[in-house]
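Structure first, then comments.
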Amino acid sequence: MGSNGYARPAASRTTSNNILGAILGYGELAQKAVPEGGVVRRYLDNVMHAGDRAKSARRNASSRFSRRRRRRKRGAINMQAVIEETF
C-alpha cells in the first residue's frame, strides 16, 4: 500500500518481488560459497533470515488486500521479540 493509502500498482509489487528474489537467490549462492562457522557466514545467514521474513511479510500484505480472503482478527505483535530476533 502506498503512502497515500491506496494499493500499489501490480508493477510495483512485481518489482519488489523480483528484487527480493534476487537478494534471496544471490544470498543462497553466497552461503554455499562460504564455509560454515565464520563471521561472513553468520552475516549471510542473518541476511537470508531477514529475506525470508520480508518474503513472508510480502505474502501477508498481498493476501491482506485480496478480496477473496475473509478478514480475521490479528493478535498484537511482540515488538521486543522482533527486535531481539533482529539483533
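Condition (residue is at pLDDT 80 or above, surrounded by fewer than 10 Cβ atoms within 10 Å (Cβ to Cβ) and either assigned to a loop (DSSP other than H, G, I, E, B) or touching a Gly at 6+ places or on another chain (Cβ under 7 Å) (or both)) applied to the stretch 37-51: is it met by at least one residue? Step through it out loud before you land on a result.
Going residue by residue through the stretch 37-51, those that are at pLDDT 80 or above are 37-51.
Now drop any that are not surrounded by fewer than 10 Cβ atoms within 10 Å (Cβ to Cβ), which leaves 37, 39.
Subset that is either assigned to a loop (DSSP other than H, G, I, E, B) or touching a Gly at 6+ places or on another chain (Cβ under 7 Å) (or both): 37.
Checked the stretch 37-51: at least one residue is at pLDDT 80 or above, surrounded by fewer than 10 Cβ atoms within 10 Å (Cβ to Cβ) and either assigned to a loop (DSSP other than H, G, I, E, B) or touching a Gly at 6+ places or on another chain (Cβ under 7 Å) (or both).
Pairs linking a residue in the stretch 34-46 that is within 19 Å of E85 (Cβ to Cβ) to a residue that is in a helix (DSSP H, G or I) and of a type outside the set (G, A, S), with Cβ atoms under 6 Å and 6 or more positions apart or on different chains, are L44/Q31. Remark: pairs (first residue in the stretch 69-87, more than 30 Å from Y43 (Cβ to Cβ); second residue of a type outside the set (K, R) and at pLDDT below 80; Cβ separation under 7 Å; 6+ apart in sequence or on different chains) = R69/S63.
The values are calculated or read from the model by the stated rules, or taken from the named source; none is laboratory data. These figures come from a predicted structure and were not determined experimentally. Please note: Cβ atoms are built from the backbone with ideal geometry, for glycine as well, and neighbour counts cover all protein chains shown.
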